Amino acid sequence: MRPHQLEMQAFGPYAEAVTIPFDALSRDGLFLIHGSTGAGKTYLLDALCFALYGDVSGERSVKGLRSDHAPPQAIPQVALEFSAAGARWRVERQAACEVAKSRGEGTTSKPARASLWRCQGEERQPVASGIAEVGREVGRLVGLDAAQFRQVILLPQGRFADVLRARPEERETLLKTLFDTALYQRATEWLSEQARQARDQLEQRQSQQRQTLSQIAEAWAPWQREWPQQLELIDGGPPERAAVQAAIEGLLRQAREQLSAAEAAFSGRQSALGDCRSQLEQWQRRQLARLRLQALEQELPAIAALRQGVERAERAETVRASLEAAAAAEQQLQQAASSCAEQLNQLRQQRDRAQQLPEAVAQLDLKQCPEPRLLSGCLNLLATRERELEHVLGLAREVHQARQAIQEVSRALREATDRSRQGEEKVAEQEQGRSALQERLQACRSARDGLAGLEQRARAAQSLTQTLQQRQQVQRQLGSAAGAALEAEARQQQARGHQLDLRERQLQGMAARLATGLQAGEACPVCGSLDHPQPAAAQADAVADQAMEAAERQLELASLALSQARAGQARQQALLEGLEAQLRQLAWGESPETSPAQQAPAAAQAAEAAQAALTKAQQEAKALPQLEQDVASVDLRLQRYRKRLEALREEGGSHRERLAQQQQHAATLQARLEQSLGGDHDPTTLLEQVQALRAGFESLAEAARLWSTAAAREAEARRRLDADLAAAHFADRRALAEALAAAEQRQTWTTRLRQFELELQLQQKVLAEPALQQLPEPSPDLAGAEAALAASDAARRAALARFTRAEGAYATITDLLARHRQGENELAAELTHSDLVQGVAARCQGRSEPNISLQRWVLSAYLEEICGYANQRLGQMTAGRYELRLSDASGQRRGSQAGLGLRVLDAYTAEEREVSSLSGGETFQASLALALGVADTVQAHSGGVALDTLFIDEGFGSLDADSLQLAMDELDRLREGGRMIGLISHVGALRERIRCGLEVIASERGSRVVLGTVTSP
């Protein structure tokens, strides 16, 4: 992680916005942060740590970060741009605080906020927002949490020596913070749990073995009385268990043999019962056949009557077709007569409604059906009348068409008249519009001709206005320059007075300065005497050469500032005079007696008026080509409208001539029509009446023909039916109908007769079977056979129950014995596993030699690695005198904090001693080396975390010049490796060695930061 720029406001002592450009500070790799005590140097590190993790580096709380110097509504905010994971990032945080309400009194709470962006050039892509999400993402990018960051990159004031001076238990806590050893603690706890589980499992296995023996004894107990030898299982060993296994096998074998004998006897009884049941079924079948045959013989008379009914129904079926044909012919004759009567009625009604009919048709008698020749004559007369009326109807259509033609011509004449009137209105409208366009065209041409003069006048007015505005601006700048010159002159006078005052005080104290160089036996540079009885004493306010040089430099700077201010005033005065001369030239033509200042309002108004006139003229000139085009278009449209108006007038005259012709033709046709009709009759109605009457006569003729045909058919069907009745021996239609009614049951009777014959044959066949004829007359004894089977079944079930119990006891005892043998094997393995796990757990818990826990052993290895890295730098800083060593002799019992003690080896005495015996400077050297060793170790165990930055707060004041030189040499080696190192210190020697840095200056309104070259004290 490498910071690039830190921004903060309303944070700690910094009320206003402060920006720390780390890229500029770290050009040499090493920079210094200095300032007075309490100015806020450490707050810069707090801001850096807060921006990344939302926490501060020292003992401060995040709740008191808001600056007391900031405005009441200001919110503490920090932003940091840094590089990590191969990219550049920007993180912003806002601390939770109480600020004044924007309205009313009191305060309001502002929550903490955080956001993270990825910087790509000038663009920023949001990555995360929210306190928790930003914290996780920053931890992933940097590779360190907040505690590791404060121990590795940012070493807070007074905290980096904690590892050196801490007691073993405190050092353990610090190392746990730096290195994640929770895994080893969890491993120890897991091993303890595994040991407990192994112990519990061993006890459970032993209990299961005892329970298994109890189950074996319980399963054998019911069979003990059937076995001659008494077996003891609970206190017995493997021989007793083997004897139980053999005994239960013998009992099972005996029960199996008894079951086989019982099942054989039961099978024989089952076969005997089956034979008895089969013989009983055959005997019952013979008895049932005998009874059924007797019942059939009693039904023979009824069967004979059924056969006679079937024969009569079959003879009736031969006459059914003739009967049905005669009935159909009679029905057709009735329908034909009814249709003929209906046609006569309709024809009479139609003839009564019709007009102008032929006389023969009007006089025809329609009370009964006329003869066919009369009907044919009427049809011919009606056809002739129909042709006459069709001719008259054509003439009527011509009259109607002539009248429609008159209406169409009249409508066309009206439309032509309307279009002519509209054309006249359009011509008048276009002529009026052309006049208006012509007037505007003339005005635009006049504006175009005066455009050049208007442009010249507008430019002149604009130039005058701009010159007046420039003069006002130069006057303001001249006033500012004059004020700056007066201030510079006052500062120059003040610096001169201060320099003269210092010079006078320096001359007054010159004797004291010379007296400081007097040596016994040397001549006085003033009087030449070798004795110096009363050398002048230095005054408290004596002036040093450095102060005098500073005053002279301040005077030179003030004089230079005064010269620059006066030169600026002269430049502004020259500009003002040039502008006034230009104004007089511009304004002379209009009013030579008026000053340029008085012409400003008039010039502005004139410029506006000239510009408005110019704009209007330009718009009119711009519209000139379009207006000329519009006038030409109007002329073309006028020409087209006039030609169209003339054509419409000619069309109206043609329509009037056609209207007169059509009216004359319609009158001629109407006269011919009235003459043909002989009165005011509708030819269409007359034609429809004649056509309907003709259709009625045609329908009546067809109905008469159908009636005649139906009568002939009915006579023929009646003759044929009489002949068929005589042949079938039926007296009349009634007898035939009765026979046909019985014929509907013929199928049922036939089916009954067939079933009777089949049933009779079946029963005779059953009684003729040899097996039935050989059966004895008495019934078989089924009850005795069933009783014998039941007794045999009871014996079989008893044998089966004993075998089942024996088999179950055998399976149970065999399974329990096998389980007991397997349990003994598993018990031995679990005992071995339990001893191993408990030994390892005791070792990791420190309850066995060497009585140190796994976690403390790992921490001791980390501390040994830290000391290895630290001794490399401590040897450089102490010229090889000191070396850090791990110590187990912590003054406490072994196992409590063993392996975490620190001692220092002094090469001068070749003795180890406590680190608390080191001096302040030696402690700082050892602490710095240990802190850098921690950084190297954390980097080595953090997956290659790039530690490009290091901040150290205070501690250098305890070093002498040589030790400070060695410490700075070590820091220089770190810087040469590419790290950016920032130091916070009051030590003046550092300001001589480090030339780049920043100074924190405290004031009543809050602290501020000054960046640049560090000056020597």
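The values are calculated or read from the model by the stated rules, or taken from the named source; none is laboratory data. A quick note: this is a predicted structure, and the numbers were derived from the prediction, not measured. Every residue, glycine as well, gets a Cβ built from its backbone with ideal geometry; the counts of neighbours run over all protein chains shown.
Per-structure values
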{"item": "Residue count, segment 570-591 (criterion: within 13 Å of Gln470 (Cβ to Cβ) and modelled with pLDDT of 70 or more)", "result": "10"}
{"item": "Pair list, Cβ < 9 Å and 6+ apart or interchain, from segment 484-508 residues that are over 17 Å from Ala550 (Cα atoms) to residues that are outside any helix (DSSP H, G or I) and among the β-branched types (Val, Ile, Thr)", "result": "Gln508/Val543"}
{"item": "Test: residue in segment 50-57 that is modelled with pLDDT of 85 or more and either outside the structural domain of Gly130 (by TED's automatic domain parsing) or of a type in the set (Asp, Glu) (or both)", "result": "yes"}
{"item": "Test for Leu614: is it outside the structural domain of Cys444 (by TED's automatic domain parsing) and modelled with pLDDT under 70", "result": "no"}
{"item": "Conditions (1) crowded, with 16+ Cβ neighbours inside 10 Å; (2) not in a helix (DSSP H, G or I): number failed by Asp180", "result": "(1)"}
{"item": "Filter result for Gln151 (of a type in the set (S, T, N, Q), in contact with a helix residue (DSSP H, G or I) (Cβ under 7 Å, 6 or more places away or on another chain), surrounded by fewer than 18 Cβ atoms within 10 Å (Cβ to Cβ) and outside the structural domain of Leu6 (by TED's automatic domain parsing))", "result": "no"}
{"item": "Some residue of segment 282-291 being of a type in the set (A, V, I, L, M) and more than 29 Å from Glu769 (Cα to Cα)", "result": "no"}
{"item": "Residue match in segment 752-769 (condition: assigned to a helix (DSSP H, G or I) and either within 30 Å of Arg253 (Cα to Cα) or touching a Cys at 6+ places or on another chain (Cβ under 6 Å) (or both))", "result": "no"}
{"item": "Residue, surrounded by the fewest Cβ atoms within 10 Å (Cβ to Cβ), within segment 340-390, restricted to residues that are among the basic types (Lys, Arg) and touching a residue at least 24 places away in the same chain (Cβ under 8 Å)", "result": "Arg353"}
{"item": "Matching entry among Val1000, Val934, Val987, Val938 (being at pLDDT below 85, in the same structural domain as Leu25 (by TED's automatic domain parsing) and either surrounded by fewer than 17 Cβ atoms within 10 Å (Cβ to Cβ) or β-branched (Val, Ile, Thr) (or both))", "result": "Val987"}
{"item": "Ala383 being among the aliphatic types (A, V, I, L, M), closer than 16 Å to Val690 by Cα and out of contact with any Leu (no Cβ under 9 Å at 6 or more places or on another chain)", "result": "yes"}
{"item": "Answer from Ala788, Ala737, Ala728 - the residue that is in contact with a Ser or Thr (Cβ under 9 Å, 6 or more places away or on another chain) and either surrounded by 12 or more Cβ atoms within 10 Å (Cβ to Cβ) or in contact (Cβ under 8 Å) with a residue 24 or more places away in the chain (or both)", "result": "Ala728"}
{"item": "Tabulated pairs, segment 62-75, first touching a residue at least 24 places away in the same chain (Cβ under 8 Å), second of a type in the set (Asp, Glu), C-beta under 7 angstrom, 6+ apart or interchain", "result": "Val62/Asp55"}
{"item": "Qualifying residue in segment 15-24 (condition: under 30 Å from Thr1013 (Cβ atoms) and under 39 Å from the mean Cα position of the chain (by Cα))", "result": "no"}
{"item": "Any chance Arg843 is free of Cβ contacts under 8 Å to residues at least 40 places away in the same chain, out of contact with any Gly (no Cβ under 8 Å at 6 or more places or on another chain) and buried (at least 16 other Cβ atoms within 10 Å of the Cβ)", "result": "yes"}
{"item": "Residues being free of Cβ contacts under 8 Å to residues at least 40 places away in the same chain and assigned to a strand (DSSP E or B) - total across segment 81-138", "result": "25"}
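Conditions (1) crowded, with 17+ Cβ neighbours inside 10 Å; (2) more than 21 Å from Asp962 (Cα to Cα); (3) modelled with pLDDT under 85, marked per residue:
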site: Arg894; (1), (2), (3): no, yes, yes
site: Leu902; (1), (2), (3): yes, yes, no
site: Ala910; (1), (2), (3): no, yes, no
site: Glu914; (1), (2), (3): no, yes, no
